[in-house]
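As structure tokens, the structure follows; a few thoughts come after it.
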Amino acid sequence: MDFDNNKEFKNYIKATLPDWASISDNDIIIEKLTSLSNIVFKVTSKKEVSPNPIIFRKFATKEGVVDREKESLVFLEMSKRGLGPKCYGGDDKYRLEEYFNARPIKNEEYN
């Protein structure tokens, strides 16, 4: 699937998240976010829907930087335990996640 195409991107979200199914394409806003290795989008509906907004994460295709299998297992386990964003769906190429309105941690905040 070509997620550079907004129509396919929106159709996928609507098929994965039932509450989004009736939302018009014109009422879906896609904003590309900054990321180190993945392509990450914040997706927001202008209509009342849950969850809203969400993160659509398209994993990088380069191997060797991150162990994708381990990262996914850790993410899913943390999600299940309430220690990170909820996972709404995905596979080895993408993931739909809960959006957190937060800021990055500053270096001096690390312990």
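The values are calculated or read from the model by the stated rules, or taken from the named source; none is laboratory data. Worth saying up front: this structure is predicted, and the values here are computed from it rather than measured. Counting neighbours? That spans all protein chains shown, and the Cβs are built from the backbone with ideal geometry, glycine included. Remember, those area values only see protein heavy atoms, side chains included, never the ligands or the DNA or RNA. Shrake-Rupley method; radii C 1.70, N 1.55, O 1.52, S 1.80 Å.
Tabulated results
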quantity: Only Lys, Arg (+1) and Asp, Glu (-1) charged, at Cβ; the chain dipole about Cα centre in debye; calculated: 160 debye
quantity: Estimated 222 nm signal from helices in the chain, with DSSP H stretches of n ≥ 4 weighted -39500 (n - 2.57), rounded to 500; calculated: -6500 deg cm²/dmol
quantity: Average accessible area per residue (Å²) across the chain - probe 1.4 Å, nucleic acids and ligands excluded; calculated: 71 Å²
quantity: FRET E, pair GLU8, LEU73, Förster distance 41 Å, beta-carbon r, rounded to 0.05; calculated: 0.90
quantity: Degrees between helix 6-16 axis and first principal axis of the chain (Cα, 0 to 90, nearest 10); calculated: 80 degrees
quantity: Shape call, the range 1-104: gyration tensor on alpha carbons, a/c limit 1.5; calculated: prolate
quantity: 0 to 90° range, to nearest 10: angle between helix 68-80 axis and the chain longest Cα axis; calculated: 80 degrees
quantity: Lysine pair count for the range 6-111 [Cα-Cα under 13 Å; pairs on different chains or 8 or more apart]; calculated: 6
